[in-house]
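Each reported figure results from applying straightforward, stated rules to the coordinates on display, with no laboratory input. What you are looking at is a predicted structure, and each value in this text was computed from that prediction instead of being measured. Cβ coordinates were reconstructed from backbone atoms using ideal geometry, including for glycine residues, and neighbour counts include every protein chain displayed.
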Ligand SMILES: Nc1ncnc2c1ncn2[C@@H]1O[C@H](COP(=O)(O)OP(=O)(O)OP(=O)(O)O)[C@@H](O)[C@H]1O
Ligand SMILES: [Mg+2]
């Protein structure tokens with residue numbers, strides 16, 4: 001067990017994801033999770049609309065002549081007006097096309113923690129591993145989020161997302177193994193040895209790619225495809241429905257791409273520790289949820305044998321919370 005801070009209630013794990021932000025905090029002997037869509041939508045300002053939002057307790061901010069509704073409620077408003085929600089983050093980092101990106105993330109974090117201002121609590125947040133050729137953007141994202149969370153009153157540390165999976169899931173192997181988070185914008189991978197990350201990378205093909213590509217094929221909005229996917233899509237071959245077939249094709253691409261990158265990256269890594277024992281591989285993140293994902297991933301692994309022995313391959317019991325739990329554990333240390 002990682003040695004933990006006895007004042008555990010003062011720590012926060014914060015999974016800053018492209019599609020959702022998840023918080024984890026201690027409550028007595030339990031972990032309390034909170035989650036909100038990392039999204040927003042704007043509607044024209046009127047005193048009447050503002051009054052309605054207040055009454056309904058819908059989170060919003062007013063700027064210029066616009067009301068910005070953020071978090072889970074943004075989806076309802078986007079549906080009402082037949083538009084897509086907008087995203088403060090894209091592919092794991094702040095979205096450069098959205099000027100208010102940091103401000104919206106700050107509002108959503110405040111909504112989740114329930115505190116306008118932190119009280120010096122230790123907070124660990126997730127950062128993606130750099131995709132090949134884009135490390136500068138990740139560093140800038142990391143700095144901006146560190147500053148914003150510091151200004152909010154927390155003692156802040158960033159942790160690679162794949163490593164957070166290792167912290168949250170691999171106590172029994174003494175934090176040695178491969179942690180993978182398949183999210184909206186990215187798949188993040190971390191190979192850790194005794195809690196130390198020895199290889200981390202990310203791949204920019206994950207849930208959003210599946211939604212966007214499938215939407216192009218079916219002529220729908222990507223948001224609609226995402227909702228269909230989350231409402232019980234199963235990865236069990238082509239079953240005749242246009243939407244299901246499209247989702248299946250692009251899910252297969254994401255899995256193939258992930259396993260091939262895993263094999264190539266481990267094979268070409270210059271300084272991996274020489275392991276005598278087999279290690280676990282654990283998958284987390286929303287994209288691993290559909291029934292049949294695990295079997296497809298396992299088949300792809302069989303076809304592309306990794307240069308390390310695996311003791312087990314499994315999906316986290318709580319794929320959407322696993323990263324925030326690992327971050328909380330890191331914050332407690
Ligand atoms: N019940 C579900 N069934 C299928 N897919 C789901 C389900 N819930 C969420 N997803 C998908 O998982 C993805 C989001 O996963 P997650 O919340 O782990 O990502 P994120 O952390 O926000 O993004 P990233 O890590 O890439 O920055 C989205 O593509 C979403 O549609
Ligand atoms: Mg994530």
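Observations on the model:
- At R0 = 41 Å, FRET efficiency that the Cβ-Cβ distance of residue 151 and residue 234 yields, to 0.05: 0.40
- Approximate shape of the chain as ellipsoid semi-axes (Cα gyration tensor, √5λ), whole Å, largest first: 32, 26, 16
- Two-decimal Rg to Rh for segment 192-266 - Kirkwood Rh, Cα set: 1.10
- Label separation (residue 61 vs residue 298): 4.6 nm, computed from points 7 Å beyond Cα along the C-beta direction.
- Among 67-75, 243-251, the peptide with the highest mean count of other Cβ atoms within 10 Å heads the list, and the full ranking is 67-75, 243-251.
- Extending 7 Å from the Cα toward the beta-carbon at both residue 264 and residue 99 defines two label points whose distance is 3.9 nm.
- Stretchable slack from residue 30 to residue 317, in nm (0.36 nm times residue separation minus alpha-carbon distance): 101.7 nm
- Computed on the Cα trace of segment 118-177, the radius of gyration divided by the Kirkwood hydrodynamic radius gives Rg/Rh = 1.06.
- Note on residue 198 and residue 83: the extension gain reaches 37.1 nm, defined as 0.36 nm multiplied by sequence separation minus the Cα-Cα distance.
- Distance from segment 60-118 to segment 209-254 (C-alpha centre basis), Å: 26 Å
- Highest-first arrangement of 193-205, 86-98, 135-147, where packing means the average Cβ count within 10 Å: 86-98, 193-205, 135-147
- Alpha carbon centroid spacing (whole Å) that separates segment 269-333 from segment 142-156: 29 Å
- Cα shape, segment 60-148, gyration tensor, a/c 1.5 rule: oblate
- Solvent-free Debye scattering, log10 I(q)/I(0), computed from the Cα coordinates of segment 5-59 at q = 0.17, 0.22, 0.24 Å⁻¹: -0.73, -0.86, -0.92
- Over the C-alpha atoms of segment 1-100, the Rg to Rh ratio, Rh being the Kirkwood estimate, stands at 1.09.
- Across segment 126-228, Cα-Cα distances exceeding 18 Å account for 58% of all pairs.
- Estimated 222 nm signal from helices in the chain, with DSSP H stretches of n ≥ 4 weighted -39500 (n - 2.57), rounded to 500: -12000 deg cm²/dmol
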